[in-house]
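Reading through the structure tokens given below for one structure.
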Amino acid sequence: MSDRIIIFDTTLRDGEQSPGASMNTAEKLRLAVQLEKLGVDVIEAGFPAASEGDFEAVSRIAGKITHAEVAGLARASKADIDRAWGSVQHAAKPRIHTFIATSEIHMKHKLAMNREEVLSATLEAVRYAKSLTDNVEFSAEDGSRSDWDFLCKVFEAAIEAGATTVNLPDTVGYAVPNEFSEMVRYVRDHVPNIGKAILSVHCHNDLGLATANTLAAIQAGARQAEVTVNGIGERAGNTSLEEVVMAINTRPKYLPMSTGINTELICPSSRLVSMISGIIVQPNKAVVGANAFAHEAGIHQDGMLKNPMTYEIMKPENVGLISTKLVLGKHSGRHALRARLQDMGYDLSDEELNLVFDTFKELADKKKQIVDEDLEVIVTEGILRTPDIFKLEYLHVTSGNTVLPMASVKLSVHNRSVQGADYGNGPIDATFNTIAQLTGTESELLRFTVSALTGGTDAQGEVTVRLKENGLIALGRGSDADIITASAKAYINGLNRLEYLKENPVRAVV
Ligand code: KIV
Ligand code: ZN
């Protein structure tokens, strides 16, 4: 059996199903390019039947990606499979990923189908997908809670019908490692034609076991791991790419396998996902958290100085934490900026480059050194975002310990300037009150977080907000050298994303 683990990344599909994490097409394209650079083997670009926006995004990604396979998800129905194929067929390496639930609880309460019906739907769907492409993946949703023999029958039928990958998902994050590895072994021993397909696993993290379950499955013979960057995804998320890859790299004795991942791009990719999705990485997150390589205790620091391997099992530079990036400053020209952006994966038109260059110069006047994180923000905020309905034109805030905080704001709303002022408990409250008034929105602020984008007192402040309006949730992000301006930008970005969600409803399908 090959010792190469196929990394199937579903950040753009399952990851995007994280509450509030909707991404627009330009953002998805940027992420897809980064995932390809990172070295993933398969990019699951979306669920084309879910919405027009999803279809378009998958289609654009399929047209752009050259090395990785591009997969579109489809329920086991002809209509879904046609949508998926319509969006990926022009990819260099297209894949159709079709699925149906196989657990008793899903079959009875969700599908209202019996075993025979699910079995024949599987056969029909895979056969149809196979008539369109050779590269077909079949997933047995809620596989880990399915009857083992029935699951084996379904996998056998799927492979018989032409599936080249069969995927065993722990959809609700219920499995524990020894159970899951036993199940993988059972499938390998009881599906007679399993040798004709790659066995894959897809785990969710409801019990914090997604990585452990995935590794246990790999040890038992699974050869494809479905993962997301930063482990983002439905509810508690999916298996995190960086954890699986670094466990394989760090413990070869127990995991004598390899992946195609360029580990030095792990941290930059993690930052990009966090910035685009708006989902902050918890500081103690393995591999990519801000504290993952921070040593606080004196005794640890002493050991680290004597030999880093006393307390460090991975080298920070191996996951791209130590920056070897070219630093730009206020004397850097357009040419250097374009070259750096191209290196980062951005191919900008002259007009876009001009826009980025102007913002770059403004920032370089306030901040001595401009690093990749700064450029990433400039491009994300200036180029990638959906054309905004609400734009900040002007912000003035008075605050202090002797005055009532007040904000005056000028916004463009549907290309018309409006202005107003309001008070608040603090400068940010005053700013948000004024913006809410001017936009006529009534969102609830569920979360507000501030962090620094890079080190140093001149670092850009990064603000993330989570907003809720009429049952819709959106995250907003904003950065600026001034923290109140960053907050205003984040709030306005959240409101724009809410508007986008109102206009681009996604059908809840999985
Ligand atoms: O969690 C799950 O079961 C899924 C499938 C569609 C693979 O995401
Ligand atoms: Zn899933």
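What Rg and what Dmax come out for the stretch 390-503 when only alpha-carbon atoms are used, in angstroms?
13.7, 44
Between ARG115 and VAL403, what is 0.36 nm times their sequence separation minus the Cα-Cα distance? Round to one decimal in nm.
96.7 nm
Antiparallel as a % of all DSSP beta bridges within the chain, to the nearest 5?
50 percent
At 7 Å along the Cα-to-beta-carbon direction for both ASP482 and ASN262, put a label point, then send me their distance in nm to one decimal.
3.9 nm
Expressed as a whole number of Å, what is the distance separating the alpha-carbon centroids of the stretch 12-33 and the stretch 426-446?
26 Å
Starting from the Cα of LYS306, draw a straight line to each of the lysines and keep only those under 21 Å, dropping any in the same chain fewer than 8 residues away.
Counting by Cα, and skipping residues close in sequence, LYS306 has these lysines nearby: LYS315.
Relative to the present Cα-Cα distance, how much length would full extension add between THR250 and LYS410 at 0.36 nm per residue of separation?
Contour length minus Cα-Cα distance gives 52.3 nm.
Take every Cα pair under 8 Å in the stretch 390-503 that's 6+ residues apart, average their separations, divide by the length, and report that relative contact order as a whole percent.
Here the relative contact order equals 18 percent.
Taking the stretch 385-489, which GluC sites (Glu not before Pro) meet the DSSP loop condition and have no more than 14 other C-beta atoms within 10 Å?
Within the stretch 385-489, the qualifying GluC sites (Glu not before Pro) (loop, at most 14 other Cβ atoms within 10 Å) are GLU442.
Distance cut-off 26 Å, Cα to Cα: go down the list LYS367/LYS502; LYS28/LYS253; LYS130/LYS196; LYS468/LYS489; LYS153/LYS196 and report the pairs above it.
Flagged as over cut-off: LYS367/LYS502; LYS28/LYS253.
Give me the percent of the accessible area of the stretch 128-238 that comes from carbon and sulfur atoms, probe 1.4 Å, all protein chains in place.
It is 48 percent, rounded to a whole number.
Arranged from highest to lowest average of other beta-carbon atoms within 10 Å per residue, in what order do the peptides 226-232, 29-35 appear?
226-232, 29-35
Multiply the residue separation of GLU351 and ASP147 by 0.36 nm, subtract the distance between their alpha-carbon atoms, and state the gained length in nm to one decimal.
Going from the current span to full extension adds 67.7 nm.
7 Å from Cα along Cα→Cβ at both SER131 and ASP429: what's the point-to-point distance in nm?
Result: 6.4 nm between the two label points.
If Lys and Arg each add +1 and Asp and Glu each add -1, what is the summed charge of the other residues whose beta carbon sits under 10 Å from the beta carbon of ASP170?
Here the charged neighbours net out to -2.
For GLY260, what is the net charge nearby, where nearby means another residue's Cβ is under 14 Å from its Cβ and Lys, Arg count +1, Asp, Glu -1?
Value of the local net charge: -2.
Just want to confirm a number: the relative contact order over the chain, from Cα pairs under 8 angstrom separated by 6+ residues, in percent.
12 percent
List, in the order given, every pair from LYS37/LYS64; LYS37/LYS361; LYS285/LYS368 whose Cα-Cα distance in the structure shown is over 21 Å.
Flagged as over cut-off: LYS37/LYS361; LYS285/LYS368.
How large is the helix-only mean residue ellipticity at 222 nm for the chain, computed as the sum of -39500 (n - 2.57) over DSSP H runs with n ≥ 4, divided by its residue count, in deg cm²/dmol to the nearest 500?
Helix-only estimate at 222 nm: -12000 deg cm²/dmol.
What list of whole percents do you get for P(r) of the stretch 49-205, with Cα-Cα distances grouped in 10 Å bins up to the one holding the largest distance?
12, 40, 35, 13, 0
Treat each spin label as a single point 7 Å out from the Cα along the C-beta direction, and report the ASN504 to VAL418 distance in nm.
Simple spin-label model gives 2.3 nm for this pair.
Dipole magnitude of the stretch 59-156 about its Cα centre, charges +1 at Lys/Arg Cβ and -1 at Asp/Glu Cβ only, in debye to the nearest 20?
460 debye
For ILE6, what residues show an amide H to amide H distance below 5 Å, using hydrogens built from the backbone and excluding near sequence neighbours?
Answer set, sorted by chain and number: GLN224, ALA225.
How much area per residue is accessible in the chain when the probe is 1.4 Å and only protein heavy atoms are counted (Å²)?
Normalised by residue count, the accessible surface of the chain is 43 Å².
Over the stretch 390-503, with every protein chain in place, what whole percent of the accessible area is carbon and sulfur at 1.4 Å, could you tell me?
48 percent
Please state the charge dipole magnitude for the chain, taken about the Cα centre, from unit charges on C-beta atoms (+1 on K and R, -1 on D and E), reported in debye and rounded to the nearest 20.
That gives the chain a dipole magnitude of about 420 debye.
Can you give me the P(r) profile for the stretch 6-277? Cα pairs, bins 5 angstrom wide beginning at 0, each as a whole percent.
Per 5 Å bin, starting at zero, the Cα-Cα P(r) for the stretch 6-277 comes out as 1, 7, 14, 18, 21, 19, 13, 6, 2, 0 percent.
Taking the Cα centre of each part, how many Å lie between the stretch 204-270 and the stretch 78-111?
24 Å
Quick one: net charge of ASP142's neighbours, Cβ under 15 Å, K/R +1, D/E -1?
Net of charged neighbours comes to -3.
Tell me, Kirkwood radius of the stretch 1-127 from alpha-carbon pair distances, in Å?
It works out to 15.3 Å.
Rounded to whole Å and sorted largest first, list the principal axis extents of the Cα atoms in the chain.
Computed over the chain, the largest-to-smallest principal extents equal 75, 58, 43 Å.
The values are calculated or read from the model by the stated rules, or taken from the named source; none is laboratory data. Every value quoted in this text rests on a predicted model; they were computed, and no experiment measured them. For neighbour counting, all protein chains shown are included, and Cβ atoms are generated from backbone atoms with ideal geometry for every residue, glycine included. Heads up: the accessible areas ignore ligands, DNA and RNA and are worked out on the full protein's heavy atoms, side chains in. Shrake-Rupley method; radii C 1.70, N 1.55, O 1.52, S 1.80 Å.
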